[in-house]
Amino acid sequence: MAMRRGWSRGRTRGLVAALTAGLVLVLAPHGTAQVAHRGTAAEGGFTVGVLLPDTHTPRWTKFDKPLIEKRVKQLCGTCTVRYANASADVATQQSQVNSMIANGVRVLILSPVESKALATSVRRAHASHVPVVSYDRLADGPLSAYSGYDSEMIGRLQAQGLLAALGKGAGRPRIVMMNGEPTDPNAKALRKGALSVFQGKADVVAEYNTTGWIPQNAFTNTLAAVAKLGPHGFDGVYSANDGLATGVVTALKAENVTPQPPVTGEDADLAAVRRVVTGEQAVTVYKSFAAEADAAAEMAVALARGMPIDAIAKQRISNDTTKDIPAYLGTPVAVNRGNVKQTIVDAGVYTVQQICTPKVQSACRDAGLTG
């Protein structure tokens, strides 16, 4: 899927300013243009609900939450943001959604713990005329918009990075796949993208789903893989994100698997970037948190005001229940040891000082990050 082009924040603000308080709101076909909402004042303040899925993925509190809050405030100085984190518990997130609806939020930005399980909550919000912008993970149900990335493309980048790290040795490499939450459409798309690269080039010798995207579960699954295959029974580990990679690498060390096979990831967590520098992780995938958060905030504010979002949502995506959901899809970037400076440091994600702690100083010099 192609990345959005040509829209600007200035244009969005111009559209907002042109809207009058008496505008009649309607639902456009497939939800692509406007969404009815509570209240009538186009420019008045309101509450934006932000619901993130867990605390074990560093990006949610380090990047996504503050970036969304900042952009909402820039767009609407009198608006407030109500934040909740589900700590990887479905029932907690369902309760959080219900509470926010009951307390009068105008719009929700939701990254679901489990996509299917949150469909009922999305339907409840829709029935209450509260638009839902699904964030990073695609929820089921009648969504108004989605801000995220093409997960199949990410899966391909991960698999390509893994094969590149393995090189052209004798025979086809043997891969263990550590997939994400089995009910998450993103996990399925990541797997599909990776398998399209592995086909004919590598053999998948074991495959595991990781309930809740929880690193401890990936740790347990990796121990099972080593017990099943032996410490030298596989050549690489496809890990769906950096959190799972933490569990994988920790388990490989616990089992004294040497040399350690290359491992993949996604999200460019700081710990994962350090692992890429030291060689413990072959590749991570960086997704611009700022671009994703900005798009979500801009769509949420526009939807809450009954504004069209076509200038922001240039693509369309479908979940299991709704077709043609307006979407912003960014461009992911594969990060390996050879391009950490260009993809991470130069982009301002982390500084050299943040990456190069005393334990990794030598590896940083070898990677060209320090003198």
Exactly one of Gly104, Gly141 is closer than 30 Å to Gly265 by Cβ, over 13 Å from the mean Cα position of the chain (by Cα) and touching a residue at least 24 places away in the same chain (Cβ under 8 Å), and that residue is Gly141
Just wondering, is there one or more residues in segment 171-188 that are acidic (Asp, Glu), out of contact with any Phe, Trp or Tyr (no Cβ under 6 Å at 6 or more places or on another chain), modelled with pLDDT of 95 or more and within 28 Å of Ile312 (Cβ to Cβ)?
no
Within segment 272-324, the residues that are more than 30 Å from Gln342 (Cα to Cα), of a type in the set (Asp, Glu) and more than 21 Å from the chain's Cα centre (by Cα) are Asp310
Within segment 174-223, the count of residues that are β-branched (Val, Ile, Thr), surrounded by fewer than 20 Cβ atoms within 10 Å (Cβ to Cβ) and more than 20 Å from the chain's Cα centre (by Cα) comes to 4
Here the qualifying pairs (Cβ atoms under 6 Å; residues six or more apart or on different chains; first in segment 267-279 and over 20 Å from Ala291 (Cα atoms); second basic (Lys, Arg)) come out as Val276/Arg337
Restricted to segment 326-365 and to residues being without any contact (Cβ under 8 Å) to a residue 40 or more places away in the chain and assigned to a loop (DSSP other than H, G, I, E, B), the residue nearest to Glu298 (Cα to Cα) is Gly348
Note on segment 115-136: residues in a loop (DSSP other than H, G, I, E, B), of a type outside the set (S, T, N, Q) and surrounded by fewer than 24 Cβ atoms within 10 Å (Cβ to Cβ) are Lys116, Ala117, His129
The residue that is nearest to Lys253 (Cα to Cα), considering only those in segment 192-225 that are aromatic (Phe, Trp, Tyr) and part of a helix (DSSP H, G or I), is Phe219
Restricting attention to segment 154-173, does a residue exist that is part of a loop (DSSP other than H, G, I, E, B), within 13 Å of Leu329 (Cβ to Cβ) and under 18 Å from the mean Cα position of the chain (by Cα)?
no
Of the listed residues (Leu118, Leu52, Leu75), the one being over 24 Å from Asn186 (Cβ atoms), in contact with an Asp or Glu (Cβ under 9 Å, 6 or more places away or on another chain) and of a type outside the set (D, E, K, R) is Leu75
Within segment 49-68, residues free of Cβ contacts under 8 Å to residues at least 60 places away in the same chain and either outside the structural domain of Asp294 (by TED's automatic domain parsing) or polar (S, T, N, Q) (or both) come out as Thr55, Thr61
_Residues that are touching a strand residue (DSSP E or B) at 6+ places or on another chain (Cβ under 7 Å), over 27 Å from Val273 (Cβ atoms) and surrounded by fewer than 18 Cβ atoms within 10 Å (Cβ to Cβ): does segment 100-108 have at least one?_
yes
task = With respect to Arg156, determine if the residue is modelled with pLDDT of 95 or more and among the basic types (Lys, Arg).
result = yes
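Condition check ((1) within 18 Å of the chain's Cα centre (by Cα); (2) β-branched (Val, Ile, Thr); (3) closer than 23 Å to Asn217 by Cβ; (4) crowded, with 19+ Cβ neighbours inside 10 Å) across all residues:
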site: Thr57; (1), (2), (3), (4): yes, yes, yes, yes
site: Thr78; (1), (2), (3), (4): no, yes, no, no
site: Val90; (1), (2), (3), (4): yes, yes, yes, no
site: Asn98; (1), (2), (3), (4): no, no, no, no
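The values are calculated or read from the model by the stated rules, or taken from the named source; none is laboratory data. On a predicted model such as this, the values are computed, not experimentally measured, just so you know. All Cβ positions, even for glycine, are placed from backbone atoms using ideal geometry, and neighbour counts span all protein chains on display.
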